[in-house]
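Asker: Next up is a structure, given as structure tokens.
Read the figures in this text as sums done on the coordinates, not as results from a lab. Just so it is clear, the structure is predicted and the values come from calculations on it, not from any experiment. Here the Cβ positions follow ideal geometry from the backbone for every residue, glycine too, while neighbour counts run over all protein chains shown.
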């Protein structure tokens, strides 16, 4: 009978908390969106599955050895940990009260030395870091995974349309207004007492408006790791929703006549220009904004491998095998941040709402900028391609093309929209660099 | 008091960030345009070399075609000769 009881007390059903149950449902919802609705499946499948894994009761896949030991270890081990942390445990209180005390002590006010000692005790007692925790500390906390993905994106990006018409870079710049307007929105919400975001957190939320998954993960891992789960989910979910969010805004801000504007054929771009461009961009980053160097440096490196034409094997690996491996690890690591304690908060709803606003403002400012440029310059610019300035490559460009075709079935804007689209990637990486410089 | 400070910081970061993004991309536009012009001047238009290649390649293929044609007709001829016997 006793053994049966132990088995029952060790079961997931006995230990399941309401929050965990809700998070498992959230994970299943993400999987549903990814599999049936095709929302960025490459990321949302690993993220959703990781979210479910992270919330399996008692398994501790997403927590460190120390947290795991505090949650389930025998009282003797707890006492050892307490002495390593310099905490005192009330001998009269039960083991459950000790666990609470230790959690608080670990959460705030332990020196790195004490934590390391406590971690060693936990490892010695046979507890190990959870799989997802290892993925997180290896891939995201170090910043490596988003950077490698950025290298792959660089290796997949063709700067030809941008080089043929460099002015479209302005559209990519204008669309970044979404990032900063959202940052200000988050700050304003905190000032009015609706939410409680610090400046760092607001910046990390704003970067959702960059519509660039790796950039948002990179920035939030540096500025606000506690919000990373919600931010990454919002960023990827809204990237998938670009075809739904953008067209109404684009139609609202343009007239039928503007949507019918035909653009002149792009000039051919020589190979030498394409080889020199990543190096030129790298030099400018080195000169003006070294804080964006990790992101844009890897991006330029990937692009150089693609364009130089002598390292096709490396370029191929960066675009395919490597980016796939890293995507799996990154997705699971983001999933580890979907733990009930941190995700089920009012803030998450705020982040979701702000993320949507960020996309909308970015789209609108890109379109408005294109209209302004149309007044100034002689070469006609179809305002629809301004919406492609939010990165979301190549989805946003396809949306611009599609809305253009609705107005004039013979007007193909895809190549023209690729210019602002890749400019948006550069723009959001620069914006990320500014934020890291200012707040990091 | 603290709230207004936060707002102020947010506003400052917004202006600074947006300004910097624009300045950086403007510099990029200028330097890309310069780079394209320079390359256009020192390297003759890529179209010329393209046409060269295209004029060369059909000649090569037609040459090859002639050779294969000869080989095939020779083979057919031989086959027919063999059949006649």
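Asker: State whether the stretch A:1-84 is rounded, prolate or oblate according to the following rule on the C-alpha gyration tensor (a ≥ b ≥ c being the square roots of its eigenvalues): a/c under 1.5 gives rounded; otherwise a/b larger than b/c gives prolate, and the remaining case gives oblate.
Answerer: Because a/c hits 1.5 or more and a/b fails to exceed b/c, the stretch A:1-84 counts as oblate.
Asker: Output the Kirkwood hydrodynamic radius of the protein assembly as shown, Cα pairs only, in Å rounded to one decimal.
Answerer: That comes to 25.8 Å for the protein assembly as shown.
Asker: Could you give the length gained on full extension between residue A:71 and residue A:5, defined as 0.36 nm per residue of separation minus the Cα-Cα distance, in nm?
Answerer: 21.8 nm
Asker: Which order do A:212, A:158 fall in if you start with the one that has the fewest other Cβ atoms within 10 Å?
Answerer: On the way: A:212 30, A:158 15.
Going from sparsest to densest Cβ surroundings: A:158, A:212.
Asker: Would you kindly calculate the translational diffusion coefficient of the stretch A:182-222, applying Stokes-Einstein with the Kirkwood radius from alpha carbon pairs, for 10 °C and a viscosity of 1.306 mPa s, and quote it in µm² s⁻¹ without decimals?
Answerer: Reported coefficient: 156 µm²/s.
Asker: I've got another one for you. Report, please, the projected area of the stretch A:114-246 averaged over directions, based on the convex hull of its C-alpha atoms, in nm².
Answerer: 11.5
Asker: Using Cβ counts within 10 Å as a stand-in for footprinting exposure, how do A:367, B:23 rank, fewest first?
Answerer: By the 10 Å Cβ count, ascending, the order reads B:23, A:367.
Asker: Given R₀ = 35 Å, FRET efficiency for residue B:7-residue A:13 by Cβ-Cβ distance, to 0.05?
Answerer: 0.15
Asker: Next question, about the same structure. Anyone know which of A:263, A:415, A:395 comes out most mobile in the 10 Å Cα GNM of chain A?
Answerer: Result: A:263 has the largest fluctuation of those listed.
Asker: Next question. To the nearest Å, what is the center-to-center distance of the stretch A:1-73 and the stretch A:189-207, using C-alpha atoms only?
Answerer: 29
Asker: Enter the mean number of other protein chain beta carbons within 10 Å of the beta carbon of each residue in B:4-15, as an integer.
Answerer: 6
Asker: For the peptides A:230-238, B:8-16, what is the packing order when you average, over each peptide's residues, the other Cβ atoms within 10 Å and list the highest mean first?
Answerer: Going by the mean number of other Cβ atoms within 10 Å, highest first, we get A:230-238, B:8-16.
Asker: Using mean Cβ contacts within 10 Å as the protection proxy, how do A:1-9, A:416-424, A:324-332 order, highest first?
Answerer: Values: A:1-9: 8.4, A:416-424: 30.0, A:324-332: 19.7.
With the highest mean Cβ count within 10 Å placed first, the list reads A:416-424, A:324-332, A:1-9.
Asker: For chain A, modelled as a GNM with alpha-carbon contacts under 10 angstrom, which of A:346, A:241, A:414 fluctuates the most?
Answerer: A:346
Asker: A further question on this structure: Using r as the Cβ-Cβ distance of residue A:128 and residue B:65, and R0 as 60 Å, what FRET efficiency do you calculate, to the nearest 0.05?
Answerer: Numbers: r = 69 Å, r/R0 = 1.15.
It comes to 0.30.
Asker: Right, another one. Going by how many other Cβ atoms sit within 10 Å of their own, how do A:127, A:136 line up, fewest first?
Answerer: A:127, A:136
Asker: Next up: Using the beta-carbon distance between residue A:265 and residue A:28 and R0 = 60 Å, what value does 1/(1 + (r/R0)^6) give for FRET efficiency, to the nearest 0.05? Numbers along the way, then the final one.
Answerer: Details: r = 49 Å, r/R0 = 0.81.
So the FRET efficiency works out to roughly 0.80.
Asker: Now for a different question. Which of these, A:225, A:247, A:112, has the largest mean-square fluctuation under a Gaussian network model of chain A (Cα springs below 10 Å)?
Answerer: A:112
Asker: Rg over Rh of the stretch A:57-186, using C-alpha atoms and the Kirkwood radius, what does it come to?
Answerer: 1.26
Asker: In addition: Can you give me the P(r) profile for the stretch A:282-440? Cα pairs, bins 5 angstrom wide beginning at 0, each as a whole percent.
Answerer: 2, 8, 10, 13, 17, 18, 15, 10, 5, 2, 0, 0
Asker: Another question, then. Given the DSSP H assignment, sum -39500 (n - 2.57) over each helix run of at least 4 residues in the protein assembly as shown and divide by its residue total; what's the result at 222 nm in deg cm²/dmol, nearest 500?
Answerer: It lands at -24500 deg cm²/dmol.
Asker: Using just the Cα positions, wrap the stretch A:355-430 in a convex hull and report its mean projected area in square nanometres, one decimal place.
Answerer: For the stretch A:355-430, the mean projected area of the Cα convex hull comes to 5.2 nm².
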